[in-house]
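> Submitted below is the structure of interest, expressed as C-alpha coordinates.
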Amino acid sequence: MSSLPPVKEDRIICELPLYFTRDAAVHTKDSFNVTVREASQEQKTGSNVAKVIVVGDVAVGKTCLINRFCKDTFDRTYKATIGVDFEMERFEVLGVPFNLQLWDTAGQERFRCIASTYYRGAQAIIVVFDLSNYGSLDNAREWLEDAMKDNDPSSVLLFLVGTKKDLSHPDQLAQMEQEAIRLSEEIRAEYWAVSALSGESVRDFFLRVASLTFEANVLSDLERNNSRQARDIISK
Ligand SMILES: Nc1nc2c(ncn2[C@@H]2O[C@H](COP(=O)(O)OP(=O)(O)OP(=O)(O)O)[C@@H](O)[C@H]2O)c(=O)[nH]1
(Lines give C-alpha, C1' and ligand atoms only; values in the text may rest on other atoms or scores of the structure.)
Protein backbone atom coordinates (compact mmCIF):
# COMPACT_ATOMS: atom_id res chain seq x y z
CA MET A 1 0.00 0.00 0.00
CA SER A 2 1.35 3.44 -0.88
CA SER A 3 1.43 5.95 1.96
CA LEU A 4 -0.98 8.85 1.70
CA PRO A 5 -0.69 12.41 2.94
CA PRO A 6 -2.27 12.77 6.38
CA VAL A 7 -5.77 14.21 6.54
CA LYS A 8 -5.60 17.86 7.56
CA GLU A 9 -6.97 18.19 11.08
CA ASP A 10 -8.59 21.54 10.33
CA ARG A 11 -10.80 19.88 7.72
CA ILE A 12 -12.21 17.46 10.26
CA ILE A 13 -15.03 19.44 11.71
CA CYS A 14 -17.31 17.03 13.48
CA GLU A 15 -16.43 14.00 15.51
CA LEU A 16 -16.94 11.10 13.16
CA PRO A 17 -15.76 7.75 14.50
CA LEU A 18 -12.06 7.23 13.80
CA TYR A 19 -11.05 3.59 14.15
CA PHE A 20 -9.13 3.09 10.92
CA THR A 21 -10.00 6.10 8.87
CA ARG A 22 -6.52 7.63 8.53
CA ASP A 23 -4.44 6.72 5.48
CA ALA A 24 -6.47 3.57 5.13
CA ALA A 25 -7.82 3.77 1.58
CA VAL A 26 -5.99 3.29 -1.69
CA HIS A 27 -7.61 4.13 -5.01
CA THR A 28 -6.92 1.13 -7.24
CA LYS A 29 -7.35 3.22 -10.40
CA ASP A 30 -9.26 0.69 -12.47
CA SER A 31 -12.53 2.59 -12.34
CA PHE A 32 -15.26 1.52 -14.69
CA ASN A 33 -18.43 2.97 -16.13
CA VAL A 34 -21.75 1.22 -15.87
CA THR A 35 -25.16 2.51 -16.84
CA VAL A 36 -27.53 3.95 -14.27
CA ARG A 37 -29.83 0.95 -14.77
CA GLU A 38 -26.98 -1.49 -14.01
CA ALA A 39 -26.00 0.64 -11.04
CA SER A 40 -29.52 0.50 -9.62
CA GLN A 41 -29.36 -3.29 -9.75
CA GLU A 42 -25.94 -3.26 -8.09
CA GLN A 43 -27.22 -1.35 -5.09
CA LYS A 44 -27.98 -4.50 -3.16
CA THR A 45 -24.46 -5.95 -3.28
CA GLY A 46 -23.69 -5.49 0.42
CA SER A 47 -20.84 -4.32 2.55
CA ASN A 48 -18.12 -4.10 -0.12
CA VAL A 49 -19.91 -1.18 -1.78
CA ALA A 50 -21.24 2.19 -0.66
CA LYS A 51 -23.69 4.45 -2.43
CA VAL A 52 -22.65 8.09 -2.43
CA ILE A 53 -24.85 10.85 -3.82
CA VAL A 54 -23.54 14.22 -4.89
CA VAL A 55 -26.02 17.11 -4.77
CA GLY A 56 -25.93 20.90 -5.03
CA ASP A 57 -26.88 23.93 -7.09
CA VAL A 58 -26.56 24.09 -10.84
CA ALA A 59 -22.98 24.52 -12.13
CA VAL A 60 -21.28 24.43 -8.72
CA GLY A 61 -18.86 21.84 -10.11
CA LYS A 62 -20.24 18.42 -9.09
CA THR A 63 -19.39 16.71 -12.39
CA CYS A 64 -15.94 18.34 -12.56
CA LEU A 65 -15.17 17.20 -9.01
CA ILE A 66 -16.03 13.60 -9.86
CA ASN A 67 -14.24 13.72 -13.21
CA ARG A 68 -11.08 15.12 -11.63
CA PHE A 69 -10.97 12.18 -9.25
CA CYS A 70 -12.18 9.38 -11.54
CA LYS A 71 -10.58 10.41 -14.84
CA ASP A 72 -8.08 13.08 -13.82
CA THR A 73 -9.63 15.46 -16.35
CA PHE A 74 -11.05 18.98 -16.18
CA ASP A 75 -13.42 20.58 -18.70
CA ARG A 76 -13.95 24.35 -18.76
CA THR A 77 -17.07 23.99 -20.88
CA TYR A 78 -20.25 23.61 -18.88
CA LYS A 79 -22.42 20.64 -19.83
CA ALA A 80 -25.49 20.21 -17.65
CA THR A 81 -26.06 16.81 -16.06
CA ILE A 82 -29.40 15.43 -17.19
CA GLY A 83 -31.01 13.46 -14.38
CA VAL A 84 -28.08 11.50 -12.97
CA ASP A 85 -24.68 10.17 -14.04
CA PHE A 86 -22.88 7.35 -12.38
CA GLU A 87 -19.29 6.26 -11.73
CA MET A 88 -18.08 3.19 -9.89
CA GLU A 89 -14.67 3.62 -8.27
CA ARG A 90 -12.56 0.82 -6.87
CA PHE A 91 -10.48 1.12 -3.72
CA GLU A 92 -8.66 -1.06 -1.29
CA VAL A 93 -9.16 -0.18 2.34
CA LEU A 94 -6.63 -1.92 4.59
CA GLY A 95 -6.13 -4.34 1.71
CA VAL A 96 -9.84 -5.12 1.40
CA PRO A 97 -11.49 -4.39 -2.01
CA PHE A 98 -14.16 -1.72 -1.68
CA ASN A 99 -16.26 0.17 -4.27
CA LEU A 100 -17.81 3.59 -4.19
CA GLN A 101 -20.85 4.22 -6.34
CA LEU A 102 -20.71 7.94 -7.11
CA TRP A 103 -24.09 9.33 -8.18
CA ASP A 104 -23.68 12.71 -9.85
CA THR A 105 -27.10 14.39 -9.78
CA ALA A 106 -28.41 17.31 -11.83
CA GLY A 107 -28.57 20.74 -10.21
CA GLN A 108 -31.01 22.15 -12.74
CA GLU A 109 -34.52 22.57 -11.35
CA ARG A 110 -36.20 20.79 -14.27
CA PHE A 111 -34.18 17.58 -13.62
CA ARG A 112 -34.52 17.67 -9.84
CA CYS A 113 -37.46 15.27 -9.77
CA ILE A 114 -35.62 12.61 -11.75
CA ALA A 115 -32.45 13.03 -9.71
CA SER A 116 -34.24 12.76 -6.37
CA THR A 117 -35.55 9.29 -7.22
CA TYR A 118 -31.94 8.08 -6.87
CA TYR A 119 -31.34 9.46 -3.36
CA ARG A 120 -32.70 6.43 -1.50
CA GLY A 121 -30.17 4.09 0.15
CA ALA A 122 -27.30 6.59 0.24
CA GLN A 123 -24.57 5.86 2.76
CA ALA A 124 -22.91 9.22 2.18
CA ILE A 125 -24.25 12.53 0.93
CA ILE A 126 -21.88 15.08 -0.55
CA VAL A 127 -23.42 18.55 -0.64
CA VAL A 128 -21.45 20.72 -3.03
CA PHE A 129 -21.36 24.52 -3.16
CA ASP A 130 -19.25 27.00 -5.12
CA LEU A 131 -16.75 28.95 -2.98
CA SER A 132 -17.14 31.92 -5.34
CA ASN A 133 -20.96 31.97 -5.07
CA TYR A 134 -22.65 32.78 -1.73
CA GLY A 135 -26.07 31.75 -3.00
CA SER A 136 -24.93 28.17 -3.54
CA LEU A 137 -23.92 27.89 0.14
CA ASP A 138 -27.27 29.37 1.19
CA ASN A 139 -28.98 26.60 -0.77
CA ALA A 140 -26.81 23.79 0.64
CA ARG A 141 -29.15 23.15 3.59
CA GLU A 142 -32.13 22.73 1.27
CA TRP A 143 -30.21 20.20 -0.86
CA LEU A 144 -29.29 18.29 2.26
CA GLU A 145 -32.86 18.21 3.55
CA ASP A 146 -34.07 16.97 0.18
CA ALA A 147 -31.42 14.26 -0.02
CA MET A 148 -32.16 13.12 3.54
CA LYS A 149 -35.89 12.61 2.98
CA ASP A 150 -35.55 8.99 1.86
CA ASN A 151 -32.58 8.14 4.04
CA ASP A 152 -31.90 7.31 7.67
CA PRO A 153 -30.18 10.37 9.21
CA SER A 154 -28.51 8.23 11.88
CA SER A 155 -26.57 6.18 9.37
CA VAL A 156 -25.68 8.64 6.59
CA LEU A 157 -22.28 10.33 6.51
CA LEU A 158 -22.38 13.96 5.45
CA PHE A 159 -19.79 16.01 3.62
CA LEU A 160 -20.00 19.70 2.75
CA VAL A 161 -17.66 20.50 -0.12
CA GLY A 162 -16.74 23.97 -1.37
CA THR A 163 -15.46 23.84 -4.96
CA LYS A 164 -13.62 26.30 -7.24
CA LYS A 165 -11.16 27.26 -4.50
CA ASP A 166 -8.89 28.54 -7.27
CA LEU A 167 -11.46 31.22 -8.19
CA SER A 168 -11.99 32.70 -4.74
CA HIS A 169 -10.28 35.88 -3.64
CA PRO A 170 -8.53 35.19 -0.27
CA ASP A 171 -10.84 37.59 1.63
CA GLN A 172 -13.96 36.11 0.09
CA LEU A 173 -12.63 32.59 0.68
CA ALA A 174 -12.02 33.26 4.38
CA GLN A 175 -15.54 34.63 4.81
CA MET A 176 -17.16 31.79 2.87
CA GLU A 177 -15.18 29.16 4.78
CA GLN A 178 -16.22 30.65 8.10
CA GLU A 179 -19.85 30.37 7.06
CA ALA A 180 -19.34 26.86 5.63
CA ILE A 181 -17.63 25.61 8.80
CA ARG A 182 -20.49 27.00 10.89
CA LEU A 183 -23.01 25.15 8.73
CA SER A 184 -21.00 21.92 8.72
CA GLU A 185 -20.88 21.95 12.53
CA GLU A 186 -24.61 22.48 12.67
CA ILE A 187 -25.46 19.65 10.27
CA ARG A 188 -22.61 17.43 11.54
CA ALA A 189 -20.87 17.25 8.21
CA GLU A 190 -17.19 17.16 7.42
CA TYR A 191 -16.11 20.28 5.52
CA TRP A 192 -13.66 20.26 2.60
CA ALA A 193 -12.51 23.01 0.22
CA VAL A 194 -11.29 21.75 -3.16
CA SER A 195 -10.51 22.78 -6.72
CA ALA A 196 -11.28 20.49 -9.65
CA LEU A 197 -9.23 22.81 -11.87
CA SER A 198 -5.99 22.42 -9.92
CA GLY A 199 -6.94 19.11 -8.30
CA GLU A 200 -6.29 20.54 -4.82
CA SER A 201 -7.56 18.18 -2.08
CA VAL A 202 -9.76 16.19 -4.50
CA ARG A 203 -7.92 12.90 -4.09
CA ASP A 204 -7.60 13.25 -0.30
CA PHE A 205 -11.29 14.01 -0.11
CA PHE A 206 -12.47 10.90 -1.97
CA LEU A 207 -10.04 8.65 -0.09
CA ARG A 208 -11.55 10.03 3.09
CA VAL A 209 -15.06 9.27 1.83
CA ALA A 210 -13.98 5.71 0.95
CA SER A 211 -12.34 5.17 4.36
CA LEU A 212 -15.31 6.45 6.34
CA THR A 213 -17.97 4.59 4.37
CA PHE A 214 -15.90 1.39 4.56
CA GLU A 215 -15.63 1.80 8.31
CA ALA A 216 -19.37 2.44 8.63
CA ASN A 217 -20.11 -0.72 6.64
CA VAL A 218 -17.76 -2.83 8.75
CA LEU A 219 -19.31 -1.51 11.95
CA SER A 220 -22.84 -2.17 10.79
CA ASP A 221 -21.84 -5.71 9.70
CA LEU A 222 -20.40 -6.29 13.17
CA GLU A 223 -23.56 -4.97 14.79
CA ARG A 224 -25.72 -7.25 12.62
CA ASN A 225 -23.57 -10.28 13.46
CA ASN A 226 -23.64 -9.47 17.18
CA SER A 227 -27.42 -9.16 17.27
CA ARG A 228 -27.79 -12.39 15.26
CA GLN A 229 -25.52 -14.18 17.76
CA ALA A 230 -27.47 -12.70 20.68
CA ARG A 231 -30.75 -13.91 19.13
CA ASP A 232 -29.25 -17.40 18.63
CA ILE A 233 -28.15 -17.57 22.27
CA ILE A 234 -31.57 -16.43 23.55
CA SER A 235 -33.46 -18.91 21.38
CA LYS A 236 -31.32 -21.89 22.58
N1 LIG B 1 -12.25 27.58 -12.03
C2 LIG B 1 -12.93 26.48 -11.77
N3 LIG B 1 -14.01 26.17 -12.50
C4 LIG B 1 -14.69 25.02 -12.19
C5 LIG B 1 -14.29 24.17 -11.14
N6 LIG B 1 -15.16 23.15 -11.08
C7 LIG B 1 -16.04 23.34 -12.08
N8 LIG B 1 -15.77 24.46 -12.76
C9 LIG B 1 -16.52 25.01 -13.89
O10 LIG B 1 -17.86 25.22 -13.48
C11 LIG B 1 -18.78 24.89 -14.52
C12 LIG B 1 -19.82 23.90 -14.04
O13 LIG B 1 -19.19 22.69 -13.69
P14 LIG B 1 -20.01 21.28 -13.62
O15 LIG B 1 -19.10 20.30 -12.96
O16 LIG B 1 -20.55 20.93 -14.93
O17 LIG B 1 -21.21 21.69 -12.65
P18 LIG B 1 -22.37 20.75 -12.07
O19 LIG B 1 -22.55 21.11 -10.64
O20 LIG B 1 -22.11 19.33 -12.37
O21 LIG B 1 -23.62 21.28 -12.92
P22 LIG B 1 -25.08 20.56 -13.14
O23 LIG B 1 -24.81 19.26 -13.84
O24 LIG B 1 -25.86 21.48 -13.99
O25 LIG B 1 -25.70 20.38 -11.83
C26 LIG B 1 -17.93 24.36 -15.70
O27 LIG B 1 -17.75 25.39 -16.64
C28 LIG B 1 -16.61 24.00 -15.04
O29 LIG B 1 -15.49 24.13 -15.91
C30 LIG B 1 -13.13 24.52 -10.37
O31 LIG B 1 -12.69 23.86 -9.43
N32 LIG B 1 -12.49 25.69 -10.74
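> What size of dipole, in debye to the nearest 20, comes out for the range 19-235 about its Cα centre when the only charges are +1 on Lys and Arg C-beta atoms and -1 on Asp and Glu C-beta atoms?
480
> Which distance in nm do the two modelled labels at Glu186 and Lys71 give, with both placed 7 Å along the Cα-to-Cβ direction?
So the label points at Glu186 and Lys71 sit 3.6 nm apart.
> For a label point 7 angstrom out from the Cα of Asp171 toward its Cβ, which stretches of the range 103-146 have the backbone nitrogen within less than 19 Å?
Backbone N within reach: 131-135.
> Applying 1/(1 + (r/R0)^6) with R0 = 25 Å to the Cβ-Cβ distance of Glu142 and Lys79, what FRET efficiency is obtained, to the nearest 0.05?
0.55
> With every protein chain left in place and a probe of 1.4 Å, what is the accessible surface of Lys165, to the nearest 10 Å²?
40
The values are calculated or read from the model by the stated rules, or taken from the named source; none is laboratory data. As the structure is a prediction and not an experimental result, all values here were calculated from the model. Here Cβ is always computed from backbone atoms with ideal geometry, including for glycine, and neighbour counts include all displayed protein chains. What goes into the accessible areas is simple: the full protein's heavy atoms, side chains included, and nothing from ligands, DNA or RNA. Shrake-Rupley method; radii C 1.70, N 1.55, O 1.52, S 1.80 Å.
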